[in-house]
1. Whenever you get a sec, compute what percent of the accessible area on the range 33-148 sits on carbon and sulfur atoms (1.4 Å probe).
2. Hey, rough spin-label estimate for residue 94 and residue 26, points 7 angstrom out along Cα→Cβ, what's it come to in nanometres?
3. How high is the relative contact order of the range 8-75, given as a whole-number percent (alpha carbon pairs under 8 Å, six or more residues apart)?
4. In nm², what is the average projected area of the convex hull enclosing the Cα atoms of the range 1-76?
5. Could you give each residue of the range 39-50 its phi-based ³J(HN,Hα) in whole Hz, using Karplus coefficients 6.51, -1.76, 1.60 with θ = phi - 60°, and x for Gly or Pro?
6. Tell me, what is the per residue accessible area of the range 39-178 in Å², probe radius 1.4 Å?
7. In degrees, nearest 10, range 0 to 90: what is the angle between the Cα axis of helix 2-17 and the longest Cα principal axis of the chain?
8. Counting only C-alpha contacts under 8 Å and six or more residues apart, can you give the relative contact order of the chain as a whole percent?
Amino acid sequence: GLAVDMDRSIVEAVMQQTGTAVGHTLSINLTRQSVLDPAFHQWLADILKDSPVSSRLAFEVAEPIMDSEPDAVLGLAAVVHAHGGQVGLDRCGASGIALDRLRTHKAHYHKIDGQFIRDVHASPERQRYLEAMLQLRHGLDIIVIAERVESAPELDSLRALGVDGAQGFFIGEPRSEE
């Protein structure tokens, strides 16, 4: 379908441009359709094979997909890991994924959904929730990244809680490579 074709085009474009991003890992969000498509998995294995940039790529899957289709995500992760790449979970916390899936899905990092980040500095309840999420994920050696960080107070609170990284408009707005 169209979503799978779009993901293929994005992967190809990122792989072509990765050579200019020295020392950086580049993340690509994949659509549900691509994650569930065995033909996409085979195509990805073929394009990553013998690629000098495959180890600098990370493929992100939304946590709700992991929750509903764990076998497909594990299949995708096997392809990516076989070629030295990373798999990350996006929108973490949004679906309440089971603990066993956190342990077995082998993601390199988790991105905590922005709904838990917004105004975290002013919400002791959100802080406690994030502390629990961080403790669980860090206990499984998973890197935790906060999404949609939009203010210095949010970033300061997240640092104090032990988040490993952050992204959002406060960190830097999207820009083109040009």
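The values are calculated or read from the model by the stated rules, or taken from the named source; none is laboratory data. Being a predicted model, the structure only gives us computed values, none of them experimental. Every residue, glycine among them, receives a Cβ derived from its backbone with ideal geometry; neighbour counts consider all protein chains shown. Side chains included, ligands, DNA and RNA excluded: accessible areas come from the protein's heavy atoms. Shrake-Rupley method; radii C 1.70, N 1.55, O 1.52, S 1.80 Å.
1. Details: 2630 of 5270 Å².
Its accessible area is 50 percent carbon and sulfur atoms.
2. 2.3
3. Values: 47 pairs, mean separation 27.1, N = 68.
Once divided by the residue count of the range 8-75, the mean separation gives 40 percent.
4. Values: hull surface 19.4 nm².
In nm², the orientation-averaged hull projection of the range 1-76 is 4.8.
5. For the range 39-50, the Karplus curve yields 5, 5, 4, 5, 4, 5, 4, 5, 6, 7, 4, 6 Hz.
6. Numbers: 7150 Å² over 140 residues.
The answer is 51 Å² per residue.
7. In the chain, helix 2-17 runs at an angle near 90 degrees to the longest axis.
8. Numbers: 260 pairs, mean separation 26.3, N = 178.
Rounded, it is 15 percent for the chain.
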